[in-house]
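Here the structure comes first, spelled out in structure tokens, and everything after it is commentary.
Nothing in this text is a laboratory measurement; each read-out follows from the coordinates by a stated rule. If you're wondering where the values come from, they're calculated on a predicted model, not measured in any experiment. Using ideal geometry, Cβ is built from the backbone for each residue, glycine included, and neighbour counts are taken over all protein chains shown.
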Amino acid sequence: MQENKAGITVSVCMIVRDESPVLARCLDGVSVFADEIVIVDTGSIDDTREIALRYTDRVYDFPWIDDFAAARNVSFSYASMDYVMWLDADDVISYADAMLIKELKHTLPGETDMVFFLYGGERDQENVYNNSFVFRDRWFRRSLNPVWHGRLHEYVTMSKEAVKYYDDRICIRHCKVRVNDPERNMRIHKLCMAEQTEPDARNMGFLCNEYFSKGELENAVSMFDELTGQEHFPAFDVKNALSSYIFSMKSLKRNDELICRLLSLQENGVVNEMLLTELGVAFLARKEYDEAEKYLKDALKLPVDYRDMSVHFEAYHEFIPCQKLSKLYAVKGDMKTAYEYFKRAEKIYPENKTIKLNRAYFNRESIT
């Protein structure tokens with residue numbers, strides 16, 4: 001591979017609207033490495049534009065038409081550097097990550113067409129279910145004319161021959177402060193369904209997530225049932241809606257149905273660390289210890305590769321399986337093994353409330 005020792009240039013393109021609480025926070029990180037910042041304002045009525053002008057004079061207007069791809073394509077049209085990068089205003093790039101990106105401009109293999117960074121929320125030791133991460137394509141070689149598609153949950157299409165570069169050292173964090181238009185996503189989803197401009201399965205998966213985020217659990221379950229009820233359902237879309245389905249079913253206390261569905265999905269080739277762990281958790285709750293042990297250990301053995309482009313929850317890689325195995329062995333009276341699994345979990349989230357309680361228990365029982 002050839003390296004760009006002389007360095008490449010990067011345009012950072014953003015679409016914004018009423019983002020005054022977060023825009024400067026985002027652009028502080030961007031300004032460390034960007035050669036050009038392009039801001040497209042889709043109708044702000046606060047001081048978003050004034051904040052943007054502190055960082056760049058390339059601020060443009062584009063009326064919002066319920067179409068993210070249209071707005072992003074406009075932002076990309078103003079870019080003039082070697083690579084074009086997209087960001088949202090409520091994304092955060094730490095100084096350390098910004099410096100890694102700056103370094104990457106000089107070490108990126110010369111033939112690279114697309115660059116992927118990890119994308120996730122703020123790391124939370126207490127509510128570990130917030131710690132989800134996925135690889136997102138962030139840079140595109142501008143000369144290849146990258147084009148956005150999709151009104152919502154938009155994506156860029158590139159040729160199959162495009163050379164990809166994955167950098168798991170760098171994580172862009174999505175740290176939302178407020179929701180400016182709470183009904184926007186559902187409104188656009190319904191528009192997409194009416195226009196039939198998006199693949200049905202893709203929309204169903206995102207709608208399942210949308211219903212869950214709004215607390216409409218029965219609707220989330222129904223949409224997942226519709227998605228998986230297709231004769232040849234796409235495993236990728238099912239995996240990305242799986243967490244919303246599982247959390248909805250658990251909240252609705254439909255645990256027996258959940259076990260049946262997860263076993264069925266496994267038989268149909270939909271397997272990840274969350275599915276295996278949740279099967280183990282469910283069997284543990286039913287005191288079926290052999291089955292619980294099997295699935296929890298299978299979850300620990302499953303390699304996690306973010307390059308499958310699916311959303312992965314960090315806690316399911318090791319923390320939850322070890323925590324539950326610790327409980328399982330404690331119930332079986334094998335305290336030595338219970339403690340070993342506890343220590344593995346403790347290393348990951350040492351300040352977690354449950355870990356603190358378990359630590360106190362093992363200390364009290366003098367099990368070390």
Calculated FRET efficiency for the pair ASN180/LYS356, C-beta based, R₀ 30 Å, to 0.05: 0.20
Highest-MSF residue in the chain out of GLY215, GLY121, GLY269 [GNM, Cα springs under 10 Å]: GLY269
Calculated [θ] (222 nm, deg cm²/dmol) that DSSP helices of n ≥ 4 give over the chain, each run adding -39,500 (n - 2.57): -14500 deg cm²/dmol
Candidates ILE348, ILE101, ILE170: whichever shows maximal mean-square fluctuation once the chain is modelled as a Gaussian network with Cα springs under 10 Å: ILE348
Highest-fluctuation residue, SER243, SER310, SER264 considered, GNM on the chain with Cα pairs under 10 Å: SER264
Prolate/oblate/rounded label for the range 212-360 (Cα gyration tensor, a/c 1.5): prolate
Rel. contact order, % - alpha carbon contacts under 8 angstrom, at least six apart, the range 153-305: 13 percent
Gyration tensor (alpha-carbon) shape descriptor, the range 10-174, a/c threshold 1.5: rounded
Degrees between helix 353-364 axis and first principal axis of the chain (Cα, 0 to 90, nearest 10): 40 degrees
Cross-link reach list, aspartates and glutamates versus LYS190, counting only Cα pairs under 19 Å and skipping chain neighbours closer than eight places: ASP66, ASP67, GLU154, ASP181, GLU198, ASP200, GLU210, GLU216, GLU218, ASP225, GLU226, ASP237
Prolate/oblate/rounded call for the range 124-188, Cα gyration tensor, a/c under 1.5 rounded: oblate
Relative contact order for the chain, counting Cα pairs under 8 Å that sit 6 or more residues apart, in percent: 13 percent
Where labels lie 7 Å past Cα in the beta-carbon direction, separation of ASP47 and ASN363 in nm: 4.8 nm
Debye, to nearest 20: dipole size of the range 271-368, +1 on Lys, Arg Cβ, -1 on Asp, Glu Cβ: 440 debye
Relative contact order (%) - criterion: Cα under 8 Å, at least six apart; region: the range 218-367: 15 percent
Alpha carbon convex hull of the range 199-268, volume per residue in cubic angstrom: 69 Å³
Ranked THR277, THR42, criterion: other C-beta atoms within 10 Å, fewest first: THR42, THR277
With Cα atoms, 0 to 90° folded angle of helix 184-195 axis to the chain main axis: 80 degrees
Cα-based helix-to-principal-axis angle, 319-331 vs the chain, degrees rounded to 10: 10 degrees
Pairs beyond 32 Å (Cα-Cα), from LYS164/LYS214; LYS214/LYS343; LYS287/LYS343; LYS239/LYS347; LYS294/LYS356: LYS164/LYS214; LYS214/LYS343
Exposure proxy order (Cβ contacts within 10 Å, fewest to most) of ILE355, ILE367: ILE367, ILE355
Among (i) 5, 20, 28, 24, 15, 6, 1; (ii) 4, 17, 18, 14, 12, 12, 11, 8, 4, 1, 0; (iii) 5, 14, 13, 13, 12, 10, 9, 7, 6, 4, 3, 2, 1, 1, 1, 0, 0, 0, 0, the entry derived from the coordinates for P(r) over Cα pairs in 10 Å bins from 0, in percent: (i)
Eligible aspartates and glutamates near LYS297 by straight Cα distance, threshold 17 Å, same-chain separation 8 or greater: GLU273, GLU278, GLU288, GLU314, GLU318, ASP334, GLU340
